[in-house]
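Have a look at the structure below, then the notes.
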Amino acid sequence: MEHREVASINLARLLKEGGTTRAAGVVRKAFQVGEERFLLEGEASWKVAVSAVGGDEYWLSGEVKGTVLMECRRCLRPTPTPIHAHFQHLLRYQQGLPEVVFHEEAEDEYYAFGGPDLDLMPFLTEAFVTEMPYTVLCHEGCKGLCPVCGADRNLVDCGHEAGLQHPLLGLKDLLSEL
């Protein structure tokens, strides 16, 4: 299977004859959600299959995997984080529909599409970003940033003690008075 940079799949044959259509490719540089970019280390690879279910319904299934650069929650250093996400969606063909539209009716969820070329980036992006952890550490023993001067304590010993500048430190003296 040839890998492509364009994240779309042509379903013209599938719409006429049924069966299954497959595609694979890569995403370079980043996934984008609104204004936020999730930078990749290298490429993210993807593969999908779209199968005719019956009538105007199709089943989209696929996977996307790559390494995203996330900030370490303690020192803010870019941290390579491997992601491997799977996704499955019901599609319904509605001829002439200009873009893919999500529908949720009672217990029925599906994406409606109207042309033979299906843009896969929204599906790939949603699966990849949803699979990302909320936070990461560059390594388990990360010392983080100094709260006084902002130095990366993994790289330098600035001499400041972390606990001395805590905003709630004054509450410690109240305990002795009780």
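In the stretch 21-50, which residues are under 26 Å from Q95 (Cα atoms) and surrounded by 13 or more Cβ atoms within 10 Å (Cβ to Cβ)?
Applying the first criterion (under 26 Å from Q95 (Cα atoms)) to the stretch 21-50 yields 21-24, 47-50.
Matches in the stretch 21-50: T21, A23, A24, K47, V48, A49, V50.
Here is a yes/no grid of residues against (1) within 29 Å of A12 (Cα to Cα); (2) surrounded by 13 or more Cβ atoms within 10 Å (Cβ to Cβ); (3) not assigned by TED's automatic domain parsing to the domain that holds G19:
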{"position": "D56", "(1), (2), (3)": "yes, yes, no"}
{"position": "R73", "(1), (2), (3)": "no, yes, no"}
{"position": "H86", "(1), (2), (3)": "yes, no, no"}
{"position": "V100", "(1), (2), (3)": "yes, yes, no"}
{"position": "E104", "(1), (2), (3)": "yes, no, no"}
{"position": "M121", "(1), (2), (3)": "yes, yes, no"}
{"position": "V136", "(1), (2), (3)": "no, yes, no"}
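Among (1) in contact with a strand residue (DSSP E or B) (Cβ under 6 Å, 6 or more places away or on another chain); (2) in a helix (DSSP H, G or I), which single condition is V68 missing?
Every condition holds for V68 apart from (2).
Just to be sure I understand, how many residues within the stretch 43-59 are under 18 Å from the mean Cα position of the chain (by Cα) and either of a type outside the set (D, E, K, R) or closer than 13 Å to A127 by Cα (or both)?
Of the residues in the stretch 43-59, 5 are under 18 Å from the mean Cα position of the chain (by Cα) and either of a type outside the set (D, E, K, R) or closer than 13 Å to A127 by Cα (or both).
Which of the residues that make up the stretch 26-62 are in contact (Cβ under 8 Å) with a residue 60 or more places away in the chain and in contact with a Lys or Arg (Cβ under 9 Å, 6 or more places away or on another chain)?
Across the stretch 26-62, the qualifying residues are F31, A44, W46, V48, V50, G62.
The values are calculated or read from the model by the stated rules, or taken from the named source; none is laboratory data. Because the structure is predicted, anything quoted here is derived from the model rather than measured. Cβ: placed from backbone, ideal geometry, glycine included. Neighbour counts: every protein chain shown.
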